[in-house]
Structure formats: C-alpha cells, structure tokens
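Student: Take this structure, written in structure tokens, and hold onto it; I'll ask about it next.
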Amino acid sequence: MIVLHQFAPAFGLPNASPFCMKVETYLRMAGLPYELDNHANPMRAPMGKLPTISDDGTLVADSTLIVDHLKQRYGDPLDAALTPLERAQATAFQRLFEENLYWAVLHTRWMDDAGWAKTRPVFFGAMPPPLRWFVPALARRGMRAELRGHGMGRHTEAEIHAIGCRDVTAVADFLGDRPFLLGAAPTSIDAVAYAFIANLLWAPFDNPIRHQAQSRPTLEAYGRRMKARYFD
Ligand SMILES: N[C@@H](CCC(=O)N[C@@H](CS)C(=O)NCC(=O)O)C(=O)O
C-alpha cells in the first residue's frame, strides 16, 4: 500500500503545499490506490520536508523522486510516449513552477503581512500554547532566511510580483487553448501545473501574481478540467 505523508489539507485544496498536492494528483492520474497521512511531521522526514511516501515499507522523499519511484515500480502510463522535445518542455516548466514561481508564492504567503495573517492560523493554529506563541515567529524568520538564500527574498516585493507574473504568463501562453500542458493528453507535468495553478487561483491569497492568473481564463478552465477529471 502507498501512504502519502503530507500536511493537513487547507484552504479547501487537497493541500496548501503544491509539492504534496502534486504527488496526490499524480497518484490519481496514474490510477494508483493510496492512503493519506495528513499529520506528517517534516522534521522527521529524511530531507526535512514533505511530501514523503511509504510504499510497502519503502520510504521515498521528494515529490520528483516519488514520481520517479512510482513510474519505476508501477509503470509509466502518462509519460511513456513523450518525445525528447516534450520531455525537455516538461522539465523546463517543472523548474519554472518548483524552483522559481514557488518562491514568489512563498513570499506572498509568509512575508506579505496580509498573506501571513492567513498562513499563520492555518499552519500553526492547532499548536498548543506556549508553542503557538513563539513557533510561528521563528518559522517566519527561518522562511525569510530561506527566501534570501534562494535569492528571491533579496528582491523588492514589486520585483517578486513581476517575476511571478512573468512565470504565470509563460504558462498561460504555452498552454494556449490546449486541454493539457503538453497537448491533448494529460501527462505527469500536469500534476505539477495543476498543483501550482490551483494553489494560486483558489487559496485565499490576494496579490498581483494571483491577479495575473485570474486574468487568463484558460488557466481557470485548466484547473477546473483537472479537478473534474481527477478529484470530483
Ligand atoms: N523538492 C521538494 C520540496 C518540498 C518542499 O519544499 N516542501 C515544503 C512544503 S511546500 C516543506 O516541507 N517545508 C517544511 C520545512 O521546510 O520545514 C519536493 O519536491 O518534494
């Protein structure tokens, strides 16, 4: 049995972590049965982050390594027919979402004061006192350091929004009127794209990056298409 260890669902989404939501989406896209452990502790995870899965006792960390593991063990129904060009496109878009847009979105959730007012109760509200009184501020300080380490956090807020908007525009322009990111058929990059687009559009964080996504109706239609096909 595959168990997905992740954060508790939040904001009406399968997960507020796009990486956790990516893995659950992939499991559904590949038709693999799984159970959810929604109370996993990232500090106990091998890389200190979620998601992880346990698959008949084998623990795998990192969403991309998890998808690789699942493809190896259960076959690759989504990507087997991709051309080298399509694989290259998928890799490039994965990097856009996970290595760049992710950090801009993190900034809107953790550094922007209005975003933090929504993030804090959801992630830390269940903590008992006295932890609840000081852990959120410590975690926010840690996130500020991570954002600076990545480089995103060294930009002004306006620059971060512009960087995120440019990514969103690239996704919308590449998607065009096609039903899925690489064309007529869903592939595993759609698990990534859907997790990020749903988090951008449907989590309650109001900011220019979200406005940019809202200004491109094909992204909303894409999100609804993925949701209807795999989650409803
Ligand atoms: N490269 C990792 C990234 C996972 C990741 O960044 N997870 C975040 C949540 S979105 C996390 O667990 N953060 C907890 C922490 O850093 O303490 C993957 O693809 O799984």
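The values are calculated or read from the model by the stated rules, or taken from the named source; none is laboratory data. Fair warning: this is a prediction, and the values are worked out from it, not measured in the lab. We place every Cβ from the backbone using ideal geometry, glycine too, and count neighbours over all the protein chains shown.
Student: Would you mind stating whether residue 193 is closer than 30 Å to residue 81 by Cα and surrounded by 15 or more Cβ atoms within 10 Å (Cβ to Cβ)?
Tutor: Taking the combined requirement at face value, the residue satisfies it.
Student: So, one more: Find the residue count for region 12-55, including only residues that are in a loop (DSSP other than H, G, I, E, B) and of a type in the set (A, V, I, L, M).
Tutor: 7
Student: Could you list, in sequence order, the residues of region 218-232 that are assigned to a helix (DSSP H, G or I), within 23 Å of residue 10 (Cα to Cα) and not aliphatic (A, V, I, L, M)?
Tutor: Across region 218-232, the qualifying residues are 220, 222, 223, 224, 225, 227, 229, 230.
Student: For region 36-48, which residues satisfy the criterion of being of a type outside the set (S, T, N, Q) and within 13 Å of the ligand (Cβ to nearest atom)?
Tutor: Hits for region 36-48 are 40, 42, 43, 44, 45, 46, 47, 48.
Student: Which one of these is without any contact (Cβ under 8 Å) to a residue 40 or more places away in the chain and in contact with a strand residue (DSSP E or B) (Cβ under 7 Å, 6 or more places away or on another chain): 61, 45?
Tutor: 61
Student: Something else now. In region 1-10, which residues are closer than 23 Å to residue 124 by Cα and away from the ligand (no atom under 13 Å from the Cβ)?
Tutor: Residue satisfying the conditions is 9 alone.
Student: Taking the conditions exactly as written (in the same structural domain as residue 225 (by TED's automatic domain parsing), on the phi > 0 side of the Ramachandran plot and touching a Ser or Thr at 6+ places or on another chain (Cβ under 8 Å)), does residue 115 satisfy them or not?
Tutor: For residue 115, the condition - in the same structural domain as residue 225 (by TED's automatic domain parsing), on the phi > 0 side of the Ramachandran plot and touching a Ser or Thr at 6+ places or on another chain (Cβ under 8 Å) - is not met.
Student: Also: If the requirement is being within 13 Å of the ligand (Cβ to nearest atom) and at pLDDT 95 or above, which of these qualifies: 18, 33?
Tutor: The unique qualifying residue is 18.
Student: Could you check how many residues of region 70-105 are part of a helix (DSSP H, G or I), touching a residue at least 12 places away in the same chain (Cβ under 8 Å), closer than 16 Å to residue 193 by Cα and not aromatic (Phe, Trp, Tyr)?
Tutor: Here the count works out to 10.
Student: Could you go through region 49-58 and let me know if any residue there is surrounded by fewer than 21 Cβ atoms within 10 Å (Cβ to Cβ) and within 14 Å of the ligand (Cβ to nearest atom).
Tutor: yes
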